[in-house]
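Written out below as structure tokens is the structure these notes cover.
The values are calculated or read from the model by the stated rules, or taken from the named source; none is laboratory data. Not measured: the values here are computed from a predicted model. Cβ coordinates were reconstructed from backbone atoms using ideal geometry, including for glycine residues, and neighbour counts include every protein chain displayed. In case anyone asks, the SASA skips ligands and DNA or RNA and just uses the protein heavy atoms, side chains included. Shrake-Rupley method; radii C 1.70, N 1.55, O 1.52, S 1.80 Å.
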Amino acid sequence: MKALGLIKPNLVAWIEKERPIAGPYDAIIRPIAIAPCSSDVHTAFEGGAEKPSGFVLGHEAVGEVVEVGELVNEFKVGDKVVVPAGTPNWRARGIQEHNFKHAGGPFSGLELSGSRDGVFAELFMVNDADNNLALMPEDISIEDALMTVDMVTTGFSGAELADIKFGDTVCVIGIGPVGLMAVAGAKLRGAARIFAVGTRPDCVTLAKEYGATDIISYKDGNIAKQVLELTSGRGTDATIIAGGNAETFALAVAMTRFGGGNIANINYFTGSDYLPIPTLAFGRGMAGKTIKGDLCEGGRVRIERLLNMIRYGRIQPGKMVTHKFYGFDKLEEAFYLMRDKPKDLIKTVVYIDWNKEK
Ligand code: NDP
Ligand code: ZN
């Protein structure tokens, strides 16, 4: 089968791969819509994670089941399914310790394009289908559904990690698709004031629509200083990092209030061996600020819940899809576009009609 593989760092190309094999609990899926992620770009072009040559990237897909293992009960061949980016091994021992993302070791919950080939292929395998697939609802658009698998769940994970409460003052640093969903999540969790940091005009427009009350540009100087000025020196109750570099991490700590302030990171940092914490703004280690950082929530129930939020009008994530492509061979172009991030791009989706492909 054909796949878009990482040959070596900075080189992604079409390759031939063996058809994946399903174990008894697994399913083989043919993608009908794929979205490249900024994380694929970090891995391929910024040395984010070492992968063997020919490794297949991609972890955002809606697809059709073409084969199921003998112990899969709830899905059958022909079902249209939404595939979460995070597909934990629900039988791992760590699950009993509520460790859903790293139960079998670091990043073990991120199998697709993490520990094994991802969705940039004619076929891909999903582990534990009954617990990791969600049926594609008929009353929801493909782009809305596709945005739940990573963008919505990751942005919302940021809002959850930041423990946002009614009336909080929040800053979301970065308003690409992940940050935009963090803005939407912060609003849904009851934030009063939401600062959003970014510059691309379409992202700014959507950030306001999703709930941002103030827009800040990192190009106008130190963002911590800007937030502190706008909050009369108090800072935020919660800060979510969804973009930027190592220096941004320090600024996030600096803009968050002493005594109970939360810093939640969902960004994928490359290019730096350490993340700095400013000594004074961290109260010389005694500021009472909490720093957390994690992967998105994965699994079937999470995605079903997010799909329900679309169904009942709570979120409209499909609006983030700015660039649409048709045909499997367009995946390469879509991926490079995601790397180059033209000003008007938020998210790309590739739609595949296999009747037309053959
Ligand atoms: P984008 O590249 O689309 O957006 C990045 C945002 O950060 C933009 O708004 C950009 O501003 C802003 N930014 C850039 N530089 C700075 C800076 N110096 N200071 C402040 N803001 C800055 O990324 P995505 O939204 O697609 O993804 C965000 C991150 O989330 C990525 O690192 C991605 O890998 C990660 N991710 C993590 C997951 C997880 O499970 N934790 C899952 C999925 C993604 P501008 O408007 O100027 O471009
Ligand atoms: Zn991703």
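So how far apart, in nm, are the two label points at Glu357 and Lys2 if each is 7 Å from Cα heading toward Cβ?
0.8
Using only alpha carbon pairs under 8 Å that are at least six residues apart, calculate the relative contact order of segment 78-117 and give it in whole percent.
Working: 44 pairs, mean separation 14.4, N = 40.
Taking the mean separation of contacting Cα pairs over the length of segment 78-117, I get 36 percent.
Could I get the Rg over Rh figure for the chain? Both from C-alpha atoms, Rh via Kirkwood, rounded to two places. Before the final figure, lay out each step's value.
Working: Rg = 20.0 Å, Rh = 20.6 Å.
Across the chain, the Cα-based Rg/Rh ratio is 0.97.
With the other protein chains left in place, how much accessible area per residue, in square angstrom, belongs to segment 104-189 at a 1.4 angstrom probe?
29
Residue by residue through segment 260-277, which ³J(HN,Hα) values in whole Hz follow from phi under the Karplus form 6.51 cos²θ - 1.76 cosθ + 1.60 (θ = phi - 60°), with glycine and proline marked x?
So the Karplus estimates, Gly and Pro as x, are x, x, 10, 10, 10, 9, 10, 7, 9, 8, 10, x, 8, 7, 9, 9, x, 10 Hz.
Gain in length, Ser115 to Thr290, computed as 0.36 nm per residue apart minus the alpha-carbon separation, to one decimal in nm? Kindly include the intermediate steps, with their values, before the conclusion.
Numbers: separation 175, 0.36 × 175 = 63.00 nm, distance 2.97 nm.
60.0 nm is the gain from fully extending Ser115 to Thr290.
Using the per-residue mean of other Cβ atoms lying within 10 Å as a proxy for protection, in what order, highest first, do the peptides 293-303, 314-324 fall?
Numbers: 293-303: 21.1, 314-324: 18.5.
Highest mean packing first, the order is 293-303, 314-324.
So between Asp139 and Arg91, what do we pick up on full extension, going 0.36 nm a residue minus the alpha carbon distance? Present the calculation step by step, with values, prior to reporting the outcome.
Working: separation 48, 0.36 × 48 = 17.28 nm, distance 3.22 nm.
The span from Asp139 to Arg91 would gain 14.1 nm if fully extended.
Give Lys76/Lys347; Lys80/Lys187; Lys292/Lys319; Lys51/Lys289; Lys225/Lys292; Lys165/Lys324 a once-over and call out the pairs whose C-alpha atoms are over 25 Å from each other. Spell out each step's value before the answer.
Numbers: Lys76/Lys347 30 Å; Lys80/Lys187 31 Å; Lys292/Lys319 29 Å; Lys51/Lys289 35 Å; Lys225/Lys292 22 Å; Lys165/Lys324 36 Å.
Violating the 25 Å Cα-Cα cut-off are Lys76/Lys347; Lys80/Lys187; Lys292/Lys319; Lys51/Lys289; Lys165/Lys324.
For Ile29, what is the net charge nearby, where nearby means another residue's Cβ is under 11 Å from its Cβ and Lys, Arg count +1, Asp, Glu -1? Let's see the in-between values first.
Values: positive: Arg30, Lys80; negative: Asp26, Glu64, Glu67, Asp79, Glu122.
Within the 11 Å Cβ shell, the charges total -3.
Return, ordered by residue number, the residues of segment 224-254 whose backbone nitrogen is under 11 Å from a label point located 7 Å along Cα→Cβ of Ser272.
Of the residues in segment 224-254, 244-253 have backbone N under 11 Å from the label point off Ser272.
Between Leu188 and Phe166, with labels modelled 7 Å along Cα→Cβ, what's the label distance in nm to one decimal, could you check?
About 1.9 nm separates the two model spin labels.
Taking the Cβ of Asp128 as the center, what net charge do the other residues with Cβ under 10 Å away carry, scoring Lys and Arg +1 and Asp and Glu -1?
Values: positive: Arg91, Arg300; negative: Asp26, Glu111, Asp130.
Net charge around Asp128: -1.
Determine the gain in length on full extension of the stretch His323-Lys219; use 0.36 nm per residue of separation and subtract their C-alpha separation, reporting nm with one decimal.
Values: separation 104, 0.36 × 104 = 37.44 nm, distance 2.57 nm.
Answer, rounded to one decimal: 34.9 nm.
Can you check how the C-alpha radius of gyration of segment 143-217 compares to 2.2 N^0.38 Å, as a plain ratio? List each step's numbers first, then the result.
Working: Rg = 11.1 Å, N = 75, 2.2 N^0.38 = 11.3 Å.
That works out to 0.98 for segment 143-217.
Can you give me the Rg/Rh ratio for segment 1-118, using Cα atoms for both radii and the Kirkwood formula for Rh?
Numbers: Rg = 14.8 Å, Rh = 15.3 Å.
For segment 1-118, the value is 0.97.
Between Glu333 and Glu229, what FRET efficiency follows from the Cβ-Cβ distance if R0 is 51 Å, with the result rounded to 0.05? Intermediate results must be reported in sequence, preceding the final value.
Details: r = 43 Å, r/R0 = 0.84.
The pair Glu333/Glu229 has a calculated efficiency of 0.75.
With r as the distance between the Cβ atoms of Asp340 and Gln316 and R0 = 35 Å, compute the FRET efficiency 1/(1 + (r/R0)^6) and round to 0.05.
Numbers: r = 26 Å, r/R0 = 0.75.
With a Förster radius of 35 Å, E is 0.85.
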